[in-house]
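A short worksheet on the structure shown next.
The values are calculated or read from the model by the stated rules, or taken from the named source; none is laboratory data. Bear in mind that the values here come from a model prediction, so they are computed numbers and not experimental data. Counting neighbours? That spans all protein chains shown, and the Cβs are built from the backbone with ideal geometry, glycine included.
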């Protein structure tokens, strides 16, 4: 039985990854920061499994910036695999909190790598670093593992630094350390401030009579959007490879924020022109106009391919948010058809 440690386990990706690994028979440990409120709602379905006789997921209070406590935890649980998903991951917010973003996304990754370097003499461990398509910034074209990085936000800059440290620890110390360069990936568990979820939740609130308008920023930005549940499978596959390497994980198709908005509105019969207002506060100081990934290396070497496409992803998220606000998704034939 394998043991895995996940930092950032309470986030969207961490919760899907924990489910995946538990389904494969792993013992999963998650690192969480202590807070004054509970933040484990995404993990509730794991804790509430009535058929489990033993803990499926063990949570540990700690902080990726605290090397001593992290080292103690690693030596105690002796993980086979470590997935570093911890970050301040909102790009717009990183402009307001650049130092904190760098500390968590870069320094945190470096501290964890150093812990694993010191531990690797005891037993081998495989390390996954969550890298981001934002690292490419304004690089044009279909982006692959060989495309140059041109980061345009504090978040992206921190991720580039963590990426190269992962490569450095692989080459300098022989660690099994790999990067997954994940393009945008969404789900019903996406944070409410991210634009895809902001749209689906906002439309649900309008239909439930809770709101009258939706305030958005740049509608022309294009992204390669996939399903987070598919992308955590790619994370696992990266660590099962014969040798450590770096992989782009994407669908290979891009759409604009306007495309997402129009699709979601069409599915529930709303007119975006009547309900959407543009607010300059939601624009970034430096914008990334378009990101589209080339996942051919992952398809060829890992046997991975995105399963959930753009239209179904939007329907999944919209239906979930409608249900949360007491609106029956079956009232909308086009939405029900997409889900079926």
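Numerical summary
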item	result
Qualifying residue in the stretch 262-278 (condition: under 30 Å from residue 236 (Cα atoms) and surrounded by 15 or more Cβ atoms within 10 Å (Cβ to Cβ))	no
Residue in the stretch 84-100 that is within 27 Å of residue 299 (Cα to Cα), assigned to a helix (DSSP H, G or I) and touching a strand residue (DSSP E or B) at 6+ places or on another chain (Cβ under 6 Å) present	no
Qualifying residue in the stretch 17-29 (condition: closer than 18 Å to residue 88 by Cα and either part of a loop (DSSP other than H, G, I, E, B) or at pLDDT below 90 (or both))	no
Only one of 113, 73 that is in contact with a strand residue (DSSP E or B) (Cβ under 6 Å, 6 or more places away or on another chain) and either crowded, with 16+ Cβ neighbours inside 10 Å or closer than 28 Å to residue 251 by Cα (or both)	73
Subset of the stretch 325-340 that is in contact with a helix residue (DSSP H, G or I) (Cβ under 7 Å, 6 or more places away or on another chain) and part of a helix (DSSP H, G or I) - its residue that is surrounded by the fewest Cβ atoms within 10 Å (Cβ to Cβ)	330
Candidates 311, 299 - the one that is modelled with pLDDT of 95 or more, more than 30 Å from residue 97 (Cα to Cα) and in contact with a helix residue (DSSP H, G or I) (Cβ under 7 Å, 6 or more places away or on another chain)	311
Residue count, the stretch 275-313 (criterion: under 20 Å from the mean Cα position of the chain (by Cα), over 18 Å from residue 153 (Cβ atoms), in a loop (DSSP other than H, G, I, E, B) and in contact (Cβ under 8 Å) with a residue 60 or more places away in the chain)	6
Checking residue 127 against (1) at pLDDT 95 or above; (2) surrounded by 17 or more Cβ atoms within 10 Å (Cβ to Cβ); (3) part of a helix (DSSP H, G or I), the condition it does not meet	(3)
Strands (runs of 3 or more DSSP E) enclosed by the stretch 147-258 - at least 2 residues per element that are modelled with pLDDT under 95 and in contact with a strand residue (DSSP E or B) (Cβ under 6 Å, 6 or more places away or on another chain)	none
Selected residue (only one of 5, 57 is modelled with pLDDT under 95 and in contact with a strand residue (DSSP E or B) (Cβ under 7 Å, 6 or more places away or on another chain))	57
